[in-house]
Amino acid sequence: MQAPLPTAFHVTTPHGAIGLWWLQLSVAAREQQRAEVRQQAAQILNRQFPASSLGQIHWPPGAQHPPDLAYAAQSWHAPTSSPDLWLSWSYLPLPAGEPGQALLAIGPLPLGVDVTAAGLLDEQGWAEVLQLYGGPAGASASDTHACATRWAGIEAADKCLRTGLREWSQNIDLQRSRCTVQALPLPAPDLAAALAWRAPEV
């Protein structure tokens, strides 16, 4: 029997540790679950990184500064030597009657994180999606879980690069190769999750 996964863990990189948190969401509508992710992120930032300021947080690509995160940061007074923080999250709404699952990553370097479920598509569906976004090598995964893990890595890399999801090309593949991508331990066997990070630019 698999031991329960801690809700908080970290990944060590040559440029510092990245903190990761599995967040359990309520049985609620998608918009309410998204708000819960922001609220929990604000609490973790306030508790784990009290020396940081709003201006030093790099937000997920395309995200507005959520009011609750901004409020949590208003009272922070950081010395100018404080490192930047990069923040990324991904959440997976589950069928009605089931709580959602989210993953939050915070670290001192550019990063991206993604979580998905293998059962969202069948093998043919995953093959088509990965062919479009992962290119010739993208559709070579052997089963739905491997496909979902490959997809999570693509999403995480584009978040790390702060571009948003893009269809595959040789140039985009080269850009993604700047990121180190790794699969993450999971709280449920049907899930797949990946973290991407790259060295800070000097």
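Give the peptides 149-157, 169-177 in descending order of average Cβ contacts within 10 Å, highest first.
149-157, 169-177
At a 1.4 Å probe radius, carbon and sulfur cover how many percent of the accessible area of region 85-202? The partial results should precede the final answer.
Numbers: 2760 of 5080 Å².
Answer for region 85-202 is 54 percent, counting heavy atoms of protein chains only.
The values are calculated or read from the model by the stated rules, or taken from the named source; none is laboratory data. As the structure is a prediction and not an experimental result, all values here were calculated from the model. Please note: Cβ atoms are built from the backbone with ideal geometry, for glycine as well, and neighbour counts cover all protein chains shown. Calculation scope for accessible area: heavy atoms of the full protein, side chains included, ligands and nucleic acids excluded. Shrake-Rupley method; radii C 1.70, N 1.55, O 1.52, S 1.80 Å.
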